[in-house]
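The values are calculated or read from the model by the stated rules, or taken from the named source; none is laboratory data. Worth saying up front: this structure is predicted, and the values here are computed from it rather than measured. Here the Cβ positions follow ideal geometry from the backbone for every residue, glycine too, while neighbour counts run over all protein chains shown. Note: areas computed on protein heavy atoms with side chains; ligands, DNA, RNA excluded. Shrake-Rupley method; radii C 1.70, N 1.55, O 1.52, S 1.80 Å.
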Amino acid sequence: MSQPDLLIDISHLPYDRIELLPDGGVRIGALVRNSDLAADRTIRTRYPLLAQALLAGASGQLRNLATTGGNLLQRTRCVYFQDITRPCNKRVPGSGCSAREGYHRELAILGTSESCIATHPSDMAVALAALDAHVRVLGPQGERVIPLLDFYRLPGEEPQRDTVLQHGELITAVDLPPLPFATRSHYRKVRDRASYAFALVSVAAALDVTDGVVRDVRIALGGVAPRPWRATKAEAVLRGAPATEEVFGRAAEAELSEAQPLPGNAFKVPLARNTLVGRHLEIRDGGDTLEEKF
Ligand SMILES: Cc1cc2nc3c(=O)[nH]c(=O)nc-3n(C[C@H](O)[C@H](O)[C@H](O)COP(=O)(O)OP(=O)(O)OC[C@H]3O[C@@H](n4cnc5c(N)ncnc54)[C@H](O)[C@@H]3O)c2cc1C
Ligand code: SF4
């Protein structure tokens with residue numbers, strides 16, 4: 001259990017800027033507020049899925065305070081992680097997992113272990129996973145740059161460790177590489193309420209379609225795994241294939257073929273499939289409708 005005896009205020013450190021990088025990418029300081037990032041013109045035009053993911057998270061007041069670094073490091077909303085009267089391997093290693101036999105409707109269907117089936121709650125991190133972002137970290141041993149996809153751990157037998165961050169390390173920034181076709185990208189979040197609710201399933205996708213063929217694609221899923229889930233199997237099916245509903249369906253099925261749902265969250269398998277297919281059809285057609293199709 002995390003029981004710090006020292007709290008450090010980092011809010012005055014100089015990490016509150018959004019900067020253009022020489023290679024055409026963007027550096028986001030760890031203290032940039034979620035609201036400021038979502039409103040930034042470069043982000044809105046070059047990486048719209050990131051602005052949309054931020055605006056789909058939490059509430060206006062929370063986003064005004066939430067920082068880039070803090071949002072990445074928020075912890076699971078599994079009800080037992082917050083309930084100190086019940087066993088939870090993530091909170092107290094070795095104590096057991098109450099969710100497997102208990103309430104797990106919101107929890108993961110991919111990347112789980114016997115020890116833990118929690119989901120990571122951040123919307124922003126799902127968009128960053130699709131964009132191949134890198135996390136810049138500063139610690140006693142100097143600076144490290146970690147691909148976001150390697151920054152988060154799967155639970156395995158150590159679900160208490162969400163990330164590879166070491167004791168004493170501070171996130172200073174997140175770098176976005178240039179991705180020209182990310183101008184055609186979207187984030188769709190399916191949740192129980194229209195706002196102020198975590199994702200049951202979300203899809204962050206960028207799609208490059210020329211002459212009806214998928215030239216390139218980036219997909220990440222949220223709400224389905226202990227970390228933002230990069231959908232590499234779906235991407236492999238889509239690259240070079242016709243951008244048809246049938247192919248998008250096959251891509252989704254490839255990604256979800258290893259899903260291990262439990263009775264309470266089995267609905268997430270068809271929900272993830274339909275969300276992924278619907279989102280891609282919308283991007284292909286250039287639309288950005290919020291109409292729900294399921
Ligand atoms: C009611 C409610 C609904 C919410 N809904 C959503 C939602 O739908 N989607 C979503 O994505 N989020 C949601 N959130 C989460 C919210 O976005 C996070 O609480 C917020 O992003 C955390 O940011 P923060 O800067 O306040 O982090 P803090 O809470 O201050 O920090 C979180 C952790 O990160 C550590 N930390 C912070 N910055 C750094 C750094 N630079 N380097 C190293 N460690 C650091 C802190 O020590 C702490 O352990 C919700 C929160 C609430 C309360
Ligand atoms: S799913 Fe993970 S966080 Fe939830 S009770 Fe089990 S061990 Fe704890």
Considering every residue within the range 31-53, establish whether at least one is under 30 Å from Pro93 (Cβ atoms), aliphatic (A, V, I, L, M) and at pLDDT 95 or above. no
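For the range 129-141, which positions are over 24 Å from Ser257 (Cα atoms) and either within 16 Å of ligand 2 (Cβ to nearest atom) or open to solvent by less than 10 Å² (accessible area, probe 1.4 Å) (or both)?
The first filter runs over the range 129-141 and keeps only residues over 24 Å from Ser257 (Cα atoms), leaving 133-141.
Listed by number, the residues that qualify are Ala133, Val135, Val137.
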If we only count helices (runs of 4 or more DSSP H) wholly inside the range 8-115, which ones have 3 or more residues that are over 24 Å from Tyr196 (Cα atoms) and either without any contact (Cβ under 8 Å) to a residue 60 or more places away in the chain or open to solvent by 70 Å² or more (accessible area, probe 1.4 Å) (or both)? 41-46
Test Pro147 against the criterion of being open to solvent by 20 Å² or more (accessible area, probe 1.4 Å) and touching a helix residue (DSSP H, G or I) at 6+ places or on another chain (Cβ under 9 Å), and give yes or no. no
Pull up the range 151-189, narrow it to residues that are open to solvent by 20 Å² or more (accessible area, probe 1.4 Å) and in a helix (DSSP H, G or I), then point me to the one that is farthest from ligand 1 (Cβ to nearest atom). Pro180
Would you confirm, using the coordinates I've provided, whether Arg86 is within 14 Å of ligand 1 (Cβ to nearest atom), in contact with a helix residue (DSSP H, G or I) (Cβ under 6 Å, 6 or more places away or on another chain) and not aliphatic (A, V, I, L, M)? no
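Being within 30 Å of Leu37 (Cα to Cα), within 10 Å of ligand 2 (Cβ to nearest atom) and out of contact with any helix residue (DSSP H, G or I) (no Cβ under 7 Å at 6 or more places or on another chain): is that true of Ala108 here?
Numbers: within 30 Å of Leu37 (Cα to Cα): yes; within 10 Å of ligand 2 (Cβ to nearest atom): yes; out of contact with any helix residue (DSSP H, G or I) (no Cβ under 7 Å at 6 or more places or on another chain): yes.
So Ala108 passes the test.
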